[in-house]
Structure formats: structure tokens, C-alpha cells
Amino acid sequence: MKLFNDDSNDKIKEKVEALKSEIERHNKAYYVDDKPLISDVEYDKLLKELQDLENRYPEYRDLNSPTLQVGSNNFKDTKFKKVKHRKPMLSLSNSYNIGDIIAFSERVEKILNDEKSDLEYVLELKLDGASISLIYEDGELVRAVTRGDGIEGEDVTDNVIEIESIPKKLKESVDLEIRGEIVLPISKFNEINEQRLKENKEIFANPRNAASGTLRQLDSSIVKERGLDGYFYFLVDAERLGIKTQSESIKYIERLGIKTTGVAEIIRNTDELEEKISYWEKAKENLDYETDGLVMKLNNMSLWEKVGYTTKSPRWAIAYKFPAKQVSTKLIDITWQVGRTGKITPVAELEEVELSGSRVKRASLHNIDEIYRKDIKIGDRVFIEKAAEIIPQVVSSIKELRTGAEREIELPKSCPVCKKELAKDEGMVDYKCINEKCPAKIQASIQYFVSRDGMNISGFGSRLVEKLLELGFIKNVVDIFYLYKFRDKMINLEKLGEKSVDNLLKNIEESKKREYPKTLYALGIPYVGKFLATLLAKESKNIDILANMTHDELLTIDGVGEKVADAVYNFFRDEQSRDIVEKLKEVGVNFLLDETSTPPKVESEFTGKNFLFTGKLKNFKRDEIKKIIENMGGVNLNSVSKKLDYLIVGEDAGSKLKKALELGTIKILTEDEFIEKIKV
Ligand code: IVH
């Protein structure tokens, strides 16, 4: 019995030690090297595992445990002068669900049992940057220190002086210490990474690492160049100045000329918190800095001492972390997908992980150039994130974790489906299968043809399309209208009964009457998505007119640029495409605008919304984009105000962008994002 006990105790001790050294490795990667090897969620999991073991087996707890420390032990060999903080720079305890927050507020209330009558909390944004402490003497900035291990940090004054938005002199001549976060604006982060890609330099995985790395550069001219920014949320010893609450602290900081996020909302219960969480989960996308959650703090500072502190964090505050934007996982393989136009796209096959609330096992990699630029190999651990919150993408590979067994990703020599040769259009990055008979292309174009925005034929799942192609019942979109000939054979197909086959045939017949904008969309002309199909249908009134338009005539249509004119013109000069259109007309598919009904509205998510564009646009002339916006039912405004819904930003956007970001409620779109949206 004793033997067994010793044995299992040894195992626990071993586990505790292993966890400690693993966490310390990640502390160094995050705090010292500014190159995390795992995501925040994964890190918090390790820390919690260690914390649980230490709670269950206090004999293995020691003062050097990462559960008791802030930052990294390894920051000791810093290149900067070390400075002891006047008061420890604490961290916050993290939570990922509302249950933890309820438990937190219950704990606070329990401690304050007789004073809890009307407890107020302040809700702030949790900035994802590098913590900093600023010391002002007589209103002048004298020192700036990083958090370091919480007890002492690095003196980065020379660098912080280069940050424009941080005042070197306050509006009052006071002595004080203010804490906050140095961030790299997302717009700057994107610019820097684009530049680094061009220069073949390694890109920063996220704005936080870029901010922290920049702040700890020895050359302060780099800091100036990169455009760091700072937001502040904490006044040390505020009570000394007669301040009684955290929200007053924030107002006072602002009065001194120091930047805050402007978000300090009073909440009284966790229901209100839930509302704020769902609001900020979306609204954060409009900010030009990263926030990874919300922080809830007891507002009344006179209660702070009573509620107390752990060695690492105050007990009167808690962070609610938004679902992780980035997680790390293993890239198991690459498969190549062939799209409707023949474009082949690499798809990352991943070890399944949870990302922003869903299970993910595939992610997009765009094209081979991107794979090379980001230096991604099969077998790598990679960070993935959801682009525009929908499609997961591979952000970067974690080269430090390579074992040597990783394999280079190679472009397939031929189409992965039909095995015929691939081609690359001049000046384009994408490789394409040019075989008109490629089954993958045919399948994708049929799928597109029957889709909701096209012929809208329900009952046509991808499995069924695949099966019908395999059996030879269909070879192209025209054959769909002859499927009735195979009615009996289809009824006998696995899982298809008489009823569903008859329904499908009925839906096919009805689809012939779809409106012209939809039938035009269904043809799958490159670039001609929902918006352009409606526009072209309105302009041409019937497909014969459209098919015979010259390139110049196409260009005279407001909202049609070079690329679209080329695509439409070429489509109708292609013999096979013309043949398909003719045959579709023969079977009775409608390609005529119904002028008796109300003219089709170019409905989009933009209809009824207010727009403004700013900066230099690459793809549109000013009048052109205005017309597009009007065609979509949008309204063009001249200035930024609360009324504005969308700001489209081109290069070198300036004060308008700044103002929109400050207002915080305006959706900002880059020109490319705008184009993406009008395509669908
Ligand atoms: S209060 C004793 N408020 O997040 C006060 N911290 O993960 C403790 N952070 O160490 C900090 N936004 O570096 C506070 N609104 C905010 C914050 C914030 C970001 C940082 C801070 C903290 C870390 C904990």
C-alpha cells in the first residue's frame, strides 16, 4: 500500500514539475521573446491544471511557482535597466464564462456582507497590449517601466517618449503613477506586416506581440516609425488625490490629457454584464486596437483593501475573456480544392480544435504564394483565426516548435481531380485547372447554379449532385432540366424516395421562371455575384443584349470596371458558355427582365445604410463608387457623424478614419473588403 502511495505521489510531483517548466517556457516566449507558442486559452488551461494540483497537494507548492508570479522569471537578462515598481504591478484573474463572473461577484459580496447594499462595478475593455507604468513628477513624464515580473520591470522611458499620444507633460502639475497598456493600432499592424512580407521578413503573429516587441526595441527610432499608442486605466494611490471610485479615476486621467478607451460603464448585476458582453463581442471589431475581453472592477475604492488581493491579482476585479480569436493546432496535411472557375486553393487539414465557439478542422490558405511567404510546412504547429469572424484561416506557423520532420508544401503538378495540366493567368497568383471537363469544376458550377441566390432549386445537396454526375445523369447545368427522364432510376437511388424525386423535379420546373437577375447570377460569370447580376440585368433587360455588348458599352455602365467588363465580355465570346445559354433558353429558363413588376432592387446588407469613403481608392473612381453605393440603395454622406454606418477606407486615410474610430459605432471596411461584399 505504501509503495503504491509513494509511486503515485512521485507521479504527481513529476506532473507538477513538468507543468511548471512548461508554463515557464511559455512565459518566456510570451513576455520575453514576444513570440507565443500557444494561445491564451491553452496557456490558461495549463495554469489552471497546475493551480488545481497545487490546491489538492499543497506539499508541492513553492514560492517560485508560476501560479504565484506575474510575467516571466526570465525577464531578468533584459537589455534594459531594471526598475523596482513602487507597488507591485498585478495581473487579473481570467474567466471564460459568465458562471465564473457570478462566482466572483458572490465572493465579493460575501466578504463585504454588511456593506454590499448597492454594489457598483465598472466595466472596462481589456486591452491586449503590453502593460506599462508611467511616472509623472510635477506633471512631467519622468519614467516608463514595463511590468516585468510584477515586482520590477524594464525602464523603457526613451521608447515611450516616442509615442505621440502619450503626453510628456500633463495638464496639471501633479506627481502620480498611471498604468495602462501600450498597443499597436490594428491598421498599423496590418501595414507593418504587409511591409515585412514584401521584405521577406517574418511577420508578427498579432498586434500584441508587435507592440511588446516594439516597446522593447533598443533603437527608439523604430518605435517612432511604428506608431505605437497607449491607453490607460489605473491611477495608483488615487485615494490620495481624494478620488473615491474607479470611474472617477478614469475621468481624472482623461482630464490630465491621458488617453483612455473611453469605456467605463457602471453595471450593478451580472444580467447587465451579459448584455454588455454580447454588445462588445461585436462592437470590438470596429476598434483600431485589440481587446481580448472585458474587465469588471468594484467601483468603490474604499472597499478594495477589504476585499483584498492574491499574490498575483486583486480580488475586487476579474477579466472576462472573449472566445479566443486565435488558437494553435497542428497542420496535418494540405488538400487542394478545385473551384467553379478552376482555381485551385490549398486547404489546411488540421487537428480539430475549438475556435470562437465552433469545432474547426479545416482552414483556408488562399494560395501557394501565401504558403511560401508565411513559411508554412506540413506538420507545423500553426495559429489559426477566423477572418471576418467566419472562415478560419492559417495565420502563421510556430517555427520554434519544429522538430525537423516537417515537409515542404508543393503545388500539385496537375489538377488534383482531373489530373490535367494547370495554368496561371498572367500577373495573377492563382493556378487554375483549364480542363473544361474537369469533374470538380463541373460539380462546383452546378452547385452554384442551383444555389439559393441563383436558380434556388431546393433538394439539390452536394452529395446528390456528385452522385448524378457519377451516374452520368447530368454532365452540365442544362442536363438538370432533362432529369425527368431518369425519374424512375432516381427513385431507386439510395435514400431518395418517390416523393423527394418528384419534389425535386417540380422545383426544377419552377426554377425556369426565376427572375432574370437570378438566372444571370446562376451562370457563374467571374465577379458577377448577386449585386452585379442585378445591376447588369437592370441595364441589359435581356441576355441577348448583354451578350452582344461591346467591351466599351459594358464599361459605360456605372459600377462596372475593367475587370468586370473583361469577364462579362469574355464569357459571352466563349463558345461553350454561349451554347449553354442558348440551351438554357431553349428549355425555357427566363432571361428577360420583367418590366411590369417593380424594378429589381439591388438588395444587399447595405440597402438603406449611410456611406462615406476616404483615402485613395485603387479600384474605383470617386463617381463610380458613389454610383455603386446608390445602386445598392445606400446613401452617400459627406462627413463622419453618428449617422454614418460604413466608412470605406483607401490608402492614407486620415482624420475621417480617426474620427470614425473614436465614435466607435461605425463599421470600417477596407476597399478590398467592400469589393468582397458587393460580389455576393
Ligand atoms: S486592471 C490591479 N484594467 O490585462 C489592476 N488591466 O491579464 C490590475 N489589462 O495585468 C489591472 N486592460 O496588463 C486592468 N482595463 C484594464 C485592463 C487591464 C488590460 C491588462 C493588464 C493586466 C492584464 C491581465
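Quick rundown of the values:
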| quantity | calculated |
| --- | --- |
| Pairwise FRET efficiency - ASN570 versus ARG359, Cβ, R0 = 51 Å, nearest 0.05 | 0.80 |
| ILE111 versus LYS659: modelled label distance in nm, points set 7 Å from Cα along the beta carbon direction | 4.6 |
| Distance violations [Cα-Cα > 32 Å] among LYS541/LYS642; LYS171/LYS658; LYS45/LYS276; LYS282/LYS495; LYS475/LYS518 | LYS541/LYS642; LYS282/LYS495 |
| At 0.890 mPa s and 25 °C, Stokes D of region 510-607 from Kirkwood alpha-carbon radius, µm² per second | 180 |
| GluC sites (Glu not before Pro) within region 393-445, DSSP loop, no more than 10 other Cβ atoms inside 10 Å | GLU408, GLU410, GLU426 |
| Of the trypsin sites (Lys or Arg not before Pro) in region 138-202, those whose Cβ has at most 15 other Cβ within 10 Å and which sit in DSSP loop | LYS168, LYS171, LYS201 |
| Dipole of the chain, positive end: most advanced residue of TYR482, GLN393, LEU546 [Cβ charges, Cα centre] | TYR482 |
| Isotropic mean projected area of the C-alpha convex hull, region 606-680 (nm²) | 4.4 |
| Square roots of five times the Cα gyration tensor eigenvalues for region 449-525, Å | 21, 13, 10 |
| Over region 114-154: Kirkwood hydrodynamic radius from C-alpha pairwise inverse distances, Å | 13.5 |
| Apportionment of accessible area to carbon and sulfur, the chain, percent (1.4 Å) | 49 |
| Which listed pairs, of LYS377/LYS441; LYS325/LYS621; LYS48/LYS306; LYS11/LYS377, have C-alpha distances above 30 Å, in listed order | LYS325/LYS621; LYS11/LYS377 |
| Region 345-435: radius of gyration and largest Cα-Cα distance (Dmax), Å | 14.5, 41 |
| Relative contact order %, region 171-266, counting alpha carbon pairs below 8 Å whose residues are six or more apart | 35 |
| Fraction of beta bridges assigned by DSSP in the chain that are antiparallel (%, nearest 5) | 85 |
| Qualifying aspartates and glutamates (Cα of each under 15 Å from Cα of LYS201; at least 8 residues distant if same chain) | GLU191, ASP369, GLU370, ASP375 |
| Column: log10 I(q)/I(0), Debye, Cα scatterers of region 269-313, q = 0.32 Å⁻¹ | -1.13 |
| For region 293-364 versus region 173-222, the gap between their alpha-carbon centres in whole angstrom | 21 |
| Percent RCO, i.e. relative contact order, over region 365-455, from Cα pairs under 8 Å lying at least 6 residues apart | 20 |
| Region 87-134: C-alpha pair distances exceeding 14 Å, % | 68 |
| Convex hull projection area averaged over all views, region 405-507, Cα basis, nm² | 9.6 |
| Radius of gyration and Dmax over the Cα atoms of region 305-391, both given in Å | 18.9, 67 |
| Cβ-Cβ FRET estimate between ASP158 and GLN195, R0 fixed at 22 Å, reported to 0.05 | 0.40 |
| The chain: Cα Rg divided by the 2.2 N^0.38 Å rule of thumb | 1.14 |
| Rotationally averaged projected area of region 239-379 (alpha carbon convex hull; nm²) | 13.7 |
| Low-density loop cleavage sites - trypsin sites (Lys or Arg not before Pro) in region 444-522, where at most 16 other Cβ are within 10 Å (DSSP) | ARG452, LYS475, LYS495, LYS512, LYS513 |
| Cα-Cα pairs of region 106-200 separated by more than 24 Å (percent) | 48 |
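The values are calculated or read from the model by the stated rules, or taken from the named source; none is laboratory data. The structure presented is a predicted model; accordingly, all values stated were derived computationally and were not measured. Neighbour counts run over all protein chains shown; Cβ positions are idealised from the backbone, glycine included. Protein only, heavy atoms only, side chains kept; ligands, DNA and RNA dropped before computing areas. Shrake-Rupley method; radii C 1.70, N 1.55, O 1.52, S 1.80 Å.
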